[in-house]
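The values are calculated or read from the model by the stated rules, or taken from the named source; none is laboratory data. Model, not experiment: these values are computed from the prediction. Don't worry about glycine lacking a Cβ; one is built from the backbone with ideal geometry, like all the others, and counts go over all protein chains shown.
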Amino acid sequence: MKVPLSWISEYIDIKSSPEEIAHLLTLAGNEVSNIQNIGEWEGVVVSEVKKIDPHPNADKLNIVTVNTGSSNVEVVCGANNLYLGQKVAFAPIGSMLFNPKTERMENLKKAKIRNIVSNGMICSSLELGIGEDHQGIYEVDGKEPIGTLLKNILNDTIFDLDITPNRSDCFSILGIAREISAITGEKLKINLNGVESLVPNTNKKSFTLNIENKNICSRYMGALIKGVTVKNSPEWIKEKLLKIGEKPVNNIVDITNLVMFELGQPLHAFDFQFIEGSNINVRKSQKDEKILTIDNETRKLDDVVVISDSKKPIAVAGVMGGKESEITENTKNIFLESACFDSIHNRQSAKNLGMKTEATLRFEKGLNPKLCEYAIKKSIDLIIEIAGGNLEEAVQDLWIKDKNKSKKITLKKEKVNNLLGVNFDQETIKNTLISLGFSINETSNKDLDITVPYWRQDVSIPEDICEELARIIGYEKIPVSSLSGQIPQWEPNDYFNIREKIRDILVESGMQEIISYSADSKESQLLTIESENSEKLVKILNPMSRDFEYLRFSLRSGILKAVSKNIRIWREPLKIFELGSVFEKQNNDLPNIKDVICGAFVGDSQENLWSKSRKLDFFDAKGTIQYLFKKFQLPLSLQLTKEKNFIDGECFNIISNKIQLGKIGKIDSRILRKFDIKNEEIVIFELELNNFIKNFHKITKPVSYKSFSRLPESTRDLDLIIDKSVLAEEILNEIKPIKNIKNVEIFDIFQSKNLPKNKKSLGIRLIISSDKNTLTSEQIQSLENKALKNLNKKFGAELRG
Amino acid sequence: MNLKDSKSKLVFSELSDFKKIAEIDIEKINQAQDLEEWKIKYLGRKSFLTNVLRDIKNYDISERPAIGSEANKIRKFLGNLFEEKQNIIKNNQQSSLGAFDYSLSGRIPNIGRLHPVTQTIREVCSAFSSLGFQIQEGPEVEWDLYNFDLLNIPKNHPARDMWDTLWIDEEEIEGKKMLLRTHTSPMQARIMEKNDPPIRVVIPGKCYRYEATDSTHEWHFNQIEGLAIDTNLNFTDLKGTLYDFARKIFGSERKIRFRCDYFPFVEPGVDMSIDWNNDWIEILGAGMVHPKVLESVGYDPEKYSGFAFGVGVERIAMIRHGIDDIRHFYGNDMRFLSQF
């Protein structure tokens, strides 16, 4: 909300700098997000339009002669609202002026426009930095003498305030003035007047008010003002509205707006001749009702609170008026509304219509019915002063709920210390609350009985009172203390600890962690998951875009998108993983959310530019999994499986202790092409973390030490010819059980034309040693023979010739 | 050799000594400049050797050829020594300095990295762990009951606008609607429902808001919720805890702004900001837990009090690393990720 300091100054004398006031307001809860200074121009003077001649070379331009007080000057001007005798803001050559194009203050230079020299400029409100309008020029109040420097009559500072939704009272000049009064100690200058003084001595009644249900509106005040003249507002009203970013309309509308911004109470003026019958009703909309609102939209009124006359809705209550009864220059008699609409119904109405207006902004936060009378009084006074007309009958007032009810709170004497941890003395507490408009009765036992001022809808419990004290005295005045007391004795969070350890192990093994968006497009998800899972996707009702319409069921798409992006911009090999949640739809409950790890390997592995490179492959991925499982002392085996997203024969289940934990394999190039990845092979692995941790919750236990032999080891290499189909794993499993063979490794593997078609050559190395004594060469030879014999018996393996 | 007088004998022995000393001297030399000095000393115009040859006429005529031949032999020998040494020095210069290019890049160990968000979550959590806060987690898809109602934000409350919500496309179940949590605060209620005080927890996790993205706003982000409940916690404990956290994460030189703010589930409410680029940037919202929230989970607000806070993870990472655009975090660009 924009708040000019000049306007606030009508309510309170401001004795500190704008920066200091802004700082204090911010600390006390109303953040000033921007401070704008108006009137930093130099040389702009009030001048009078003396002559308007058409430009010989342009239809839309005029040559205007202005009297600046010291001389007559000719300028070229394109504005459409010029007239003789008008007072304007004239900037002669050399003036400092805001340039909307560069957004800087600049020196005005002499210009030739269509061959005519322009000796300056007549300014619009945009060029003066006080409004958005640049079509027409800014009109200076006719009372200002020619030659006056504009900065002497129009300088100002405007705060941009972010009001929190609890403070309906602060959506007004008066509310901010009250805040400044409390934090600076300066008293308010103006007291508001009620409506009693307005009642003429007559019983005449041309309309009847009716509220259908007290839950939709607690108070409705209406006034009939006859014989007004609708025209442009005087300059001082326009200037105020321009400064807060509002476009002036006409004097009646401008006055209702001005009072709303000043006091915080939205008002509406109807053209009385378009109100049919004599009833003004506040009621819920009826079936199939419609209204054309002021913004020229026809709106279907479904579950909306409306104002209606005897026949039809004439306004959406507290949201927007109807077009038909809008104030125009033909309006003579106006019906002025000042009402207190219920916040929840108002919000619901606005939401159902998809509307948000300055009125709803205030009503939805909750206003007090008391405010209605101050606002209608101020508006009537201004209308009669500015637009003429008479109040020929009494202002009607239908107040059916919360009449003269004020909130009372008892603040126990120990409460402030208990909640804030600081003992303010009783006088400070009382003075602070009084400065905010609270009234106080001290009981015999030092408790405080506090009456909340009508405008503070947000204060209702002792904690609220404590916040008022803390924020006005200042949060910085409250000391700090260290937490004492008992630390909760909770079990360690194993799941979290193991999961983070897994992250560390993957990073240790050289992988980069990535984090993708949790939502994805349907297409990307369907591409990478098994088709039977497509029904399990969780859909977002109002997604940011089609690209984020579904919660991810799998991390694969995110990983492949990251690969696709980085192979174009990153020359080093990619070893990336994500550890994050995936979502699976469940019936009648929140989705099942699981943590999954997905890793991908792609590109050339190379230590540096001068060393030899090789492609990252299946065994890089498998090695990482092996390392991970080894760290947790878990066995690992792979089992061939089939899935449409992987290349046939290169997709495996990851299994440990017979439990399936995930998959590893090479992604099918058909899928890769959909992610715009060409000529690359990508191996991914995927592990279900919940499963992993659930089954191995003891894996955080420390590594258990095994004794090792101090005796020397011997190695024996065997070159075998063996069936192609025999897996390395099978060979190792066959030999490992032989006593004193500590380990078996495969160091060479090849197929060649010299071998029979179904055979391969395999080099295996036996590592032999005994825990008890050094083995003799005969004993070693016999172990070697035994290994060979077993392999021969089981697989028909033979030594290569 | 046929030598007759002592003078001749003497010159032969002197030449022999001269040669030995020259040999010993050159052995020690490994600098070109020292070698030049050696040359002057042993082969120069004023050297003993040159003197012998120049003054050869002082010797007996019969001895002259022998002395001359011996001296010339030595001159040639020393000349060779000189050249040899000169080559060695030259080669040394090339091999020990020139040929070994230490400036080539070393073989960098193949290291991986945690995502900066993970790193930041860990640092923030560990700052609170040291104060006895336990790490807990909760669901990213939530009921509006937990995300709003139990936090004193009833339906049609204007404060709901503070959290523009992404809703899940599902029917209402028992009056509850499904949404992507807009903050980690729903876990306050979930934790309190299941546990008795005292409570000290931090809850990291992803949150989502229907919000236009720009350099400081993302619709998908991380928060760390904190909650402490006990019999006598007050505002000074909240302030002390958060100041301690800020010092641990940003160092004690960083300026902190602690001001009044509004969140429906706390009273009083707090906004804590850090100075950044000559301005303040909000890093967390906090406050004393609202009595209505305590009541809604069955705690007696007369007996228990506590505080809660929600830390913006990406904001913290941005301040710490000088990151200028929040959208980098989930772009998965290696040029960004590889820096942390």
Pairs, first in contact (Cβ under 8 Å) with a residue 12 or more places away in the chain in region A:551-565, second of a type in the set (Phe, Trp, Tyr), C-beta under 6 Å, six or more apart: A:551/A:583; A:560/A:675; A:564/A:675
Candidate set from region B:128-147 (those that are under 11 Å from residue B:205 (Cβ atoms) and part of a strand (DSSP E or B)); member that is farthest from the other protein chains (Cβ to nearest Cβ): B:142
Checking residue A:457 against (1) within 14 Å of chain B (Cβ to nearest Cβ); (2) assigned to a strand (DSSP E or B), the condition it does not meet: (2)
Residues satisfying the stated conditions in region A:401-428, i.e. more than 16 Å from residue A:447 (Cβ to Cβ) and not in a helix (DSSP H, G or I): A:401, A:402, A:403, A:404, A:405, A:406, A:407, A:421, A:422
Condition broken by residue B:25, with the remaining ones in (1) within 20 Å of residue B:85 (Cα to Cα); (2) surrounded by fewer than 13 Cβ atoms within 10 Å (Cβ to Cβ) satisfied: (2)
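Matching residues to (1) of a type outside the set (Lys, Arg); (2) touching a strand residue (DSSP E or B) at 6+ places or on another chain (Cβ under 7 Å); (3) surrounded by fewer than 18 Cβ atoms within 10 Å (Cβ to Cβ):
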position: A:631; (1), (2), (3): no, no, yes
position: A:642; (1), (2), (3): no, yes, yes
position: A:645; (1), (2), (3): yes, yes, no
position: A:650; (1), (2), (3): yes, yes, yes
position: A:657; (1), (2), (3): yes, no, yes
position: A:662; (1), (2), (3): yes, yes, no
position: A:666; (1), (2), (3): no, yes, no
position: A:682; (1), (2), (3): yes, yes, no
position: A:708; (1), (2), (3): yes, no, yes
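Name the residues in region B:215-264 that are of a type in the set (Gly, Ala, Ser), more than 8 Å from chain A (Cβ to nearest Cβ) and not in a loop (DSSP other than H, G, I, E, B), would you? Steps first, please.
To start, the set of residues in region B:215-264 that are of a type in the set (Gly, Ala, Ser) comprises B:215, B:226, B:228, B:240, B:246, B:251-252.
Now restrict to residues that are more than 8 Å from chain A (Cβ to nearest Cβ): B:215, B:226, B:246, B:251-252.
B:226, B:246, listed by residue number.
I'd like the full set of residues that are outside any loop (DSSP other than H, G, I, E, B) and more than 18 Å from residue B:125 (Cβ to Cβ), limited to region B:296-317.
Correct list: B:296, B:305, B:306.
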Residue within region A:375-384 that is closer than 18 Å to residue A:259 by Cβ and surrounded by fewer than 18 Cβ atoms within 10 Å (Cβ to Cβ) present: yes
Residue among A:338, A:349 that alone is under 17 Å from residue A:215 (Cβ atoms), assigned by TED's automatic domain parsing to the domain that holds residue A:237 and crowded, with 23+ Cβ neighbours inside 10 Å: A:349
Test: residue in region A:68-82 that is in contact with an Asp or Glu (Cβ under 8 Å, 6 or more places away or on another chain), away from chain B (no Cβ under 14 Å) and at pLDDT below 90: yes
Matching residues in region A:27-40 - criterion: being assigned to a loop (DSSP other than H, G, I, E, B) and in contact with a Phe, Trp or Tyr (Cβ under 7 Å, 6 or more places away or on another chain): A:29
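Counting just the residues of region B:250-282 that are of a type in the set (A, V, I, L, M) and at pLDDT 95 or above, which one comes out farthest from residue A:35 (Cα to Cα)?
B:266
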Scope region B:97-127; condition facing chain A (nearest Cβ under 7 Å) and modelled with pLDDT of 90 or more; matching residues: B:112, B:113, B:114, B:115, B:117, B:118
Residue A:470 closer than 30 Å to residue A:439 by Cα, at pLDDT 95 or above and either touching a helix residue (DSSP H, G or I) at 6+ places or on another chain (Cβ under 6 Å) or within 7 Å of another protein chain (Cβ to nearest Cβ) (or both): yes
Condition check for residue A:431: assigned to a loop (DSSP other than H, G, I, E, B) and among the polar types (S, T, N, Q): no
Selected residue [among the hydrophobic types (A, V, I, L, M, F, W, C), over 24 Å from residue A:647 (Cβ atoms) and either assigned by TED's automatic domain parsing to the domain that holds residue A:527 or touching a Phe, Trp or Tyr at 6+ places or on another chain (Cβ under 8 Å) (or both)] from A:721, A:659, A:735, A:684: A:659
Of all residues making up region B:265-295, the number that are within 12 Å of chain A (Cβ to nearest Cβ) and either assigned to a strand (DSSP E or B) or within 21 Å of residue B:216 (Cα to Cα) (or both): 16
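Search region A:512-552 for residues being of a type in the set (Val, Ile, Thr) and within 14 Å of chain B (Cβ to nearest Cβ), and hand back the single one that is surrounded by the fewest Cβ atoms within 10 Å (Cβ to Cβ).
Restricting attention to region A:512-552, the residues satisfying the condition of being of a type in the set (Val, Ile, Thr) are A:514-515, A:528-529, A:538, A:540.
Narrowing the set further to residues that are within 14 Å of chain B (Cβ to nearest Cβ) leaves A:514-515, A:538, A:540.
On the way: A:514: 28, A:515: 22, A:538: 24, A:540: 20.
Here the residue is A:540.
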Failed criterion for residue B:136 (all others in (1) out of contact with any helix residue (DSSP H, G or I) (no Cβ under 7 Å at 6 or more places or on another chain); (2) closer than 30 Å to residue A:501 by Cα; (3) among the polar types (S, T, N, Q) hold): (1)
Count - residues of region A:609-666 that are over 29 Å from residue A:706 (Cβ atoms) and polar (S, T, N, Q): 5
Every residue from region B:148-165 that is more than 12 Å from residue B:263 (Cα to Cα), at the interface with another protein chain (Cβ under 7 Å from one of its Cβ atoms) and surrounded by 19 or more Cβ atoms within 10 Å (Cβ to Cβ): none
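If a residue must be within 7 Å of chain B (Cβ to nearest Cβ) and hydroxyl-bearing (Ser, Thr, Tyr), how many such residues does region A:473-499 contain?
Number of matching residues: 3.
Residue by residue through region B:164-204, note down the ones that are touching a residue at least 40 places away in the same chain (Cβ under 8 Å) and either assigned to a loop (DSSP other than H, G, I, E, B) or over 25 Å from residue B:295 (Cβ atoms) (or both).
B:164, B:165, B:166, B:180, B:181, B:183, B:184, B:185, B:197, B:204 - these are the residues of region B:164-204 that are touching a residue at least 40 places away in the same chain (Cβ under 8 Å) and either assigned to a loop (DSSP other than H, G, I, E, B) or over 25 Å from residue B:295 (Cβ atoms) (or both).
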Some residue of region A:1-22 being within 14 Å of chain B (Cβ to nearest Cβ), crowded, with 20+ Cβ neighbours inside 10 Å and touching a residue at least 12 places away in the same chain (Cβ under 8 Å): yes
Enumeration of residues in region A:581-607 that are under 13 Å from residue A:552 (Cα atoms) and facing another protein chain (nearest Cβ under 8 Å): A:581, A:583, A:591, A:593
Any hit, region B:205-212, residues being outside any loop (DSSP other than H, G, I, E, B) and more than 10 Å from chain A (Cβ to nearest Cβ): yes
Residue count, region A:643-661 (criterion: more than 19 Å from residue A:527 (Cβ to Cβ) and touching a residue at least 40 places away in the same chain (Cβ under 8 Å)): 1
